[in-house]
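A short worksheet on the structure shown next.
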Amino acid sequence: MKTLYTGITCPNPEYVHTPLIEILPVQDNSALRQAAGSVDRYDYVLFTSRFAVKHFCPLLPQPSTIIHHPTIVSIGNATTVALYNIGIKDVQQVDEDNSYGVIEWFRIQPCGRVLVPRSNLALPIIPDGLRQLGFEVDTVTAYINSMPQNPQRTDLSKIDRIVFTSPSTIANFIRLYGSLPEGKVFDTRGPITEHYLHTKIKQHKL
């Protein structure tokens with residue numbers, strides 16, 4: 001089975017790798033700098049990707065200020081490793097590596113203020129879910145999730161399986177190829193991407 005992988009970092013050298021997202025810094029990072037400078041006002045900082053770590057943490061006045069307060073929350077192993085690599089070791093990693101897992105983790109935590117540095121295309125699931133639990137949530141765009149300027153097209157007739165790592169990879173695939181091909185195996189990372197894929201498949205069949 002020949003696999004096409006659409007995420008940024010390909011886990012298998014035997015896959016056909018054509019990234020359909022590109023991570024870019026924000027052009028005006030004044031809001032991001034302001035959020036980093038006032039990080040001690042928050043009870044929690046939630047990192048939902050390693051890219052948020054990369055683009056937010058260098059703007060902190062002193063990285064050591066967030067080691068003990070606020071509580072640092074990570075959505076998964078890659079994000080946790082990124083935090084460890086810059087010296088932040090006191091990290092609370094949620095049990096399930098997805099938005100719903102984040103909400104469930106916060107469900108049993110004391111309410112407080114949460115800062116979420118995230119993508120410009122991040123869905124409102126986490127902020128809305130935390131607000132429903134009684135948390136005060138601020139979000140700030142830490143990086144831009146964009147389609148590559150010159151994405152590579154692949155001969156899909158030679159592909160049996162397509163792996164989508166985020167809703168953005170699905171949306172950009174449809175932009176590039178026009179539609180989702182029939183007769184292929186689709187794999188997704190996480191329930192949010194899976195739900196988005198099913199929505200697009202239903203729209204295609206209408």
*Under 22 Å between C-alpha atoms is the cut-off here; go through the chain and count lysine pairs that meet it, provided they're at least eight residues apart or on different chains.*
7
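Just the number, please: percent antiparallel of the DSSP beta bridges in the chain, rounded to the nearest 5. Let's see the in-between values first.
On the way: 4 of 29 bridges.
Around 15 percent of the beta bridges assigned by DSSP in the chain are antiparallel ones.
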*Here are several values of P(r) over Cα pairs in 10 Å bins from 0, in percent: (i) 9, 33, 37, 18, 3, 0; (ii) 9, 35, 38, 15, 3, 1, 0; (iii) 8, 32, 32, 19, 7, 0. Which one was derived from the coordinates shown?*
(iii)
*For the range 26-136, which whole percent of the accessible surface, found with a 1.4 angstrom probe, sits on carbon and sulfur atoms?*
48 percent
*asked:* Through the Karplus equation 6.51 cos²θ - 1.76 cosθ + 1.60, θ set to phi - 60°, convert the phi angles of the range 110-123 into ³J(HN,Hα) values in whole Hz; use x for Gly and Pro.
replied: x, 5, x, 8, 10, 9, 10, x, 7, 6, 5, 9, 4, 6
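Among 168-174, 104-110, how do they line up from the highest to the lowest mean number of other beta-carbon atoms within 10 Å?
Working: 168-174: 21.4, 104-110: 14.1.
Descending packing order for the listed peptides: 168-174, 104-110.
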*Options Gln132, Leu176, Gly101, ranked by Cα towards positive dipole end of the range 60-206, top entry (Cβ charges)*: Leu176
*Among Ala35, Ala82, Ala52, which one shows the biggest mean-square fluctuation in a GNM of the chain, springs joining Cα atoms closer than 10 Å?*
Ala82
*Taking the chain as a Gaussian network, where each spring joins two C-alpha atoms under 10 Å apart, which residue of Thr71, Thr141, Thr154 fluctuates the most?*
Thr154
*Can you tell me the accessible area per residue over the range 70-206, all protein chains present, probe 1.4 angstrom, in square angstrom?*
53 Å²
_Projecting each Cα onto the charge dipole of the chain (Lys/Arg +1, Asp/Glu -1 at the beta carbon, about the Cα centre), which of Gly190, Pro61, Gly76 comes out farthest on the positive side?_
Gly190
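The values are calculated or read from the model by the stated rules, or taken from the named source; none is laboratory data. Everything numeric here is computed off the predicted structure, so don't read it as measured data. Positions of Cβ are backbone-derived with ideal geometry, glycine not excepted, and every protein chain shown enters the neighbour counts. Note: areas computed on protein heavy atoms with side chains; ligands, DNA, RNA excluded. Shrake-Rupley method; radii C 1.70, N 1.55, O 1.52, S 1.80 Å.
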